[in-house]
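Beneath this line is the structure, given in structure tokens, with notes to follow.
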Amino acid sequence: MVIENKENTIKEVWKLLEKVEDPEVPVLDVVNMGVARDVFFEEEKLIVVITPTYSGCPAMDVIGHNVKVALKEAGFEDYEVRTTLSPPWTTDWLTPIARQRLKEYGIAPPEDGTPDKGRLLSEDKVIPCPNCNSKNTTMVSIFGSTSCKAHYKCKDCLEPFDYFKCI
């Protein structure tokens, strides 16, 4: 592929990355999650930088592979996907679109603010149920279906749900 306008190509790549799903929460894409951090050229090579939600996140290998597949299918030949740990990912990078998609999927999005440290002090955070919006919920386990989520239960609708923890 011959790149005529690098600025337009970068914009196209960002749109392409919005189609790369998180393998653990497929309603999220790497752009709205804040995992895709940068797109640029080093001379003629396209560079895509991604940051894991956790330094040991097992989904990163799959995400990196899926980004490469998307680039290849779009006709890119000279590209590199780089993983960086600095700055570390934070739930602050989730866009409003990602937060809404989480809720619609049945996962309570992270509450605004600082990381969840109240559990260390035996203080449960009030997390609204993504199904019925009740605040009458309780944490069942600080560890949910993945390490970035906690498991909760709604006392009103009785539905269990995951909460995407603040980090």
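The values are calculated or read from the model by the stated rules, or taken from the named source; none is laboratory data. The structure presented is a predicted model; accordingly, all values stated were derived computationally and were not measured. Cβ sites come from the backbone with ideal geometry, for glycine too, and all protein chains shown count toward neighbours.
Before moving on, here are some points about what is shown:
- Selection count, the stretch 18-36, where residues are touching a residue at least 40 places away in the same chain (Cβ under 8 Å) and under 20 Å from ASP78 (Cβ atoms): 1
- Among the residues of the stretch 20-54, the one identified as more than 21 Å from THR90 (Cα to Cα) and of a type in the set (Lys, Arg) is LYS45.
- Hits in the stretch 1-35 (condition: assigned to a loop (DSSP other than H, G, I, E, B), touching a Leu at 6+ places or on another chain (Cβ under 8 Å) and acidic (Asp, Glu)): ASP22
- Filtered by the rule that a residue be surrounded by 12 or more Cβ atoms within 10 Å (Cβ to Cβ) and part of a helix (DSSP H, G or I), the stretch 62-76 gives VAL62, ILE63, GLY64, HIS65, ASN66, VAL67, LYS68, ALA70, LEU71.
- Listed by first and then second residue, the pairs with beta-carbon distance under 7 Å, at least 6 apart or on different chains, first residue in the stretch 80-109 and without any contact (Cβ under 8 Å) to a residue 40 or more places away in the chain and in a loop (DSSP other than H, G, I, E, B), second surrounded by fewer than 16 Cβ atoms within 10 Å (Cβ to Cβ) and not hydrophobic (A, V, I, L, M, F, W, C), are LEU85/SER55.
- One residue from TYR54, TYR79 being surrounded by 12 or more Cβ atoms within 10 Å (Cβ to Cβ), in contact with a helix residue (DSSP H, G or I) (Cβ under 8 Å, 6 or more places away or on another chain) and not assigned by TED's automatic domain parsing to the domain that holds ALA98: TYR79
- Selection from the stretch 136-164 of residues that are in contact with an Asp or Glu (Cβ under 9 Å, 6 or more places away or on another chain) and not in a strand (DSSP E or B): ASN136, ILE142, GLY144, SER145, THR146, CYS148
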